[in-house]
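Report on the structure given below.
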Amino acid sequence: MTDAERADWAGRVRRLAAARGAVILAHNYQRPEIQDVADHVGDSLALARLAAASSARVIALAGVYFMAETAKILCPERTVLIPDAKAGCSLADSITAGQLLAWKSEYPDAAVVAYVNTSAEVKALADVCCTSANAAEIVSAIPASREVLFLPDQFLGAHVRRVTGRENLHIWAGECHVHAGISPQALREKAAANPEAELFVHPECGCGTATLWQAGTGDLPAARTRVLSTGGMLAAARSTRAPAVLVATETGMLHQLRKANPAVRWEPVNPHASCHYMKMITAEALERCLRDGTTEVLVDPQTAARARRAVEAMIATGPVPAGVS
């Protein structure tokens, strides 16, 4: 789209949202035009909190399907729309409710901590949900003597085990295909070519464990290497004094980082780390969603009621964002 076409489109979207009484929530990995037209942009934890705190009668969730499901779990009386119901998640697909039930049978007394990147059915079997921003905090709050089943992301699980020092943390072998493709070698090569740059690394990345090990051995600059959620990256972006930052996460995050601190040169560690599911939410799909009321997200009420306890425990770990509408 040209600048004029984008402005016309944004105007139509805002008018449609107002007419429908909708709030538009967009994830940090969405296309730039989607982020710019949204009422709020954030990570999974922020979107869950925003959905729960919003008074809008309609929530249009520009993200992947489990995020819209989470909004519906928290707001069962409101209408939740997703612009494209086919926008799934390889990480959420890596564990089913049946697989979790079988795993729980092996550890009947364990606490189940489910990453928010899971289906409603899996959340309903969990004791508490988490995001990359609060996973370590949530696991640390569980009595040290109790075993923990952490699912489904193996890289985030390894990060949590390292941070908490918890040996009785059992980790499901799932992964996000995009983050798994960001390799330690790519990070090391980028860091060597940019000796002045800071490194922002998402804990879902395949390079996450190696990153901290390499920082400890001196292969990466320890003082300039940070493992952060996307929300953590945005907070750190506002205060960094580095001339450049190398970012190891989905490339959609760069838009918010560049807006937060345009003086910094922001570069992806892997420029091909783009989630095709996230990018299924197009300008046309969002406009159609608000115009026609498609596609509504529904969750079985009994499943939602069980899942709500786990999700509410997750969002209770911090304050509701200011300016919610």
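The values are calculated or read from the model by the stated rules, or taken from the named source; none is laboratory data. Just so it is clear, the model here is predicted, and its values are computed rather than measured. Here the Cβ positions follow ideal geometry from the backbone for every residue, glycine too, while neighbour counts run over all protein chains shown. When the accessible area is computed, the model is the full protein with side chains, heavy atoms only, and any ligands, DNA or RNA have been set aside. Shrake-Rupley method; radii C 1.70, N 1.55, O 1.52, S 1.80 Å.
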Nearest-20 debye value, segment 35-120 charge dipole, Cβ charges on Lys, Arg, Asp, Glu: 220 debye
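Under the 0.36 nm per residue contour assumption, what length would be gained going from the current alpha-carbon distance of E196 and S145 to full extension?
14.0 nm
Which value at 222 nm does the chain reach when only helices count, each DSSP H run of 4 or more adding -39,500 (n - 2.57), with the total divided by all residues and rounded to the nearest 500 deg cm²/dmol?
Roughly -12500 deg cm²/dmol at 222 nm, from the helical runs in the chain.
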Choice from A53, A102, A17 with maximal GNM fluctuation in the chain (Cα, 10 Å cutoff): A102
Peptides 86-93, 2-9, 151-158 ordered by average Cβ neighbours within 10 Å, highest first: 151-158, 86-93, 2-9
Net charge over other residues, Cβ less than 9 angstrom from the Cβ of V178 (K, R count +1; D, E count -1): -2
Contour excess over end-to-end distance, with Cα ends at A263 and T282 and 0.36 nm allotted per residue: 4.0 nm
Projected label distance in nm at A305 and A85, using a 7 Å step from Cα toward the beta-carbon: 2.4 nm
Under 10 Å, Cβ to Cβ, from C289 - net charge with Lys/Arg +1 and Asp/Glu -1: -2
Total charge dipole magnitude, the chain, about the Cα centre, Cβ charges on Lys, Arg, Asp, Glu only, Debye to nearest 20: 640 debye
Net charge contributed by nearby residues that have their C-beta within less than 10 Å of V139 (K/R +1, D/E -1): +1
Above-threshold pairs, the threshold being 26 Å between Cα atoms, out of K86/K123; K190/K259; K259/K279; K123/K259: K123/K259
Heavy-atom surface of segment 5-95, accessible at 1.4 Å and reported per residue (Å²): 32 Å²
Accessible area of the chain belonging to carbon and sulfur atoms, whole % at 1.4 Å probe: 52 percent
Rounded to the nearest 10 Å², the accessible area of R31 at probe 1.4 Å: 70 Å²
Relative contact order, percent, the chain [alpha-carbon distance under 8 Å, six or more residues apart]: 24 percent
